[in-house]
1. For the range B:43-77, which residues satisfy the criterion of being surrounded by 15 or more Cβ atoms within 10 Å (Cβ to Cβ), more than 9 Å from every other protein chain (Cβ to nearest Cβ) and more than 11 Å from the chain's Cα centre (by Cα)?
2. Got a number for residues in the range A:32-61 being in contact with a helix residue (DSSP H, G or I) (Cβ under 6 Å, 6 or more places away or on another chain) and more than 14 Å from chain B (Cβ to nearest Cβ)?
3. Considering the range A:100-115 alone, what residues qualify as being over 14 Å from the mean Cα position of the chain (by Cα) and part of a helix (DSSP H, G or I)?
4. Say whether the condition of being in contact (Cβ under 8 Å) with a residue 40 or more places away in the chain, over 17 Å from residue B:59 (Cβ atoms) and surrounded by 14 or more Cβ atoms within 10 Å (Cβ to Cβ) is met by at least one residue in the range A:37-57.
5. Give A:91, A:15 a once-over and let me know the one that is touching a residue at least 24 places away in the same chain (Cβ under 8 Å), within 11 Å of chain B (Cβ to nearest Cβ) and either within 23 Å of residue B:89 (Cα to Cα) or not in a helix (DSSP H, G or I) (or both).
6. Restricting the search to the range A:69-81, which residues are surrounded by fewer than 23 Cβ atoms within 10 Å (Cβ to Cβ) and in contact with a helix residue (DSSP H, G or I) (Cβ under 6 Å, 6 or more places away or on another chain)?
């Protein structure tokens, strides 16, 4: 039963952080090239524009949810399971979500890269 | 990337100091939070320039940096399995970062550049037609 709790929490982490990353990426695509924008309107305006973006706010909220899910997961499961499982599944989930929701061109090269990084993170964090 | 690694370094130091000297806890927490903010700001900047599927794997170099810091600064033991993990991450990041196919990826930055080149070549074509 504890296993079910742990894995539910792990999937909650993965889901929330994937949602967060996708929303943040979309927010920054809307804000645009930060470097060029800063030269045009100044640093403060860039920060205000970023913080005022609704996608950014939802993204940060999702990240907070992911963080608290991590705390829950750690209270139920071992860190040696939770950390690598959540981290590596997030990389795979992000590749899928970026393809579907951000319409990024995730070609074979990027799939392989995501899988390699996910495997590497699983080994390192474990 | 560096800030990501540094952020994790901050966290390590935090864990080390926590049990030993409680007095230095606060400065470390402050530094940790500052570095976390720096990581987040640079992450947002990177996302404004490149695809999520490009930026995210690249940030995983932080794990590699963390392991190297643990090995060489904190003199922790890094097992062969973890070295394999480092190799896999480095290989994966090299896979997206290097390679000629990068320009065909519609990372907005590269996209803008290629559009610019296209515009330039069109301008050159028009100019040369004008000469004739």
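Just so you know, all these numbers are worked out from the coordinates, no wet-lab data involved. Computed from a predicted structure; not experimentally measured. All Cβ positions, glycine included, derive from the backbone under ideal geometry; neighbour counts span all protein chains shown.
1. If the condition is that a residue be surrounded by 15 or more Cβ atoms within 10 Å (Cβ to Cβ), more than 9 Å from every other protein chain (Cβ to nearest Cβ) and more than 11 Å from the chain's Cα centre (by Cα), then B:50, B:69, B:70, B:71 are the ones that fit.
2. Result for the range A:32-61: 1.
3. If the condition is that a residue be over 14 Å from the mean Cα position of the chain (by Cα) and part of a helix (DSSP H, G or I), then A:100, A:108, A:109, A:110, A:111, A:112, A:113, A:115 are the ones that fit.
4. So far as the range A:37-57 goes, no, none of its residues is in contact (Cβ under 8 Å) with a residue 40 or more places away in the chain, over 17 Å from residue B:59 (Cβ atoms) and surrounded by 14 or more Cβ atoms within 10 Å (Cβ to Cβ).
5. A:91
6. Within the range A:69-81, A:69, A:70, A:72, A:74, A:76, A:77 qualify.
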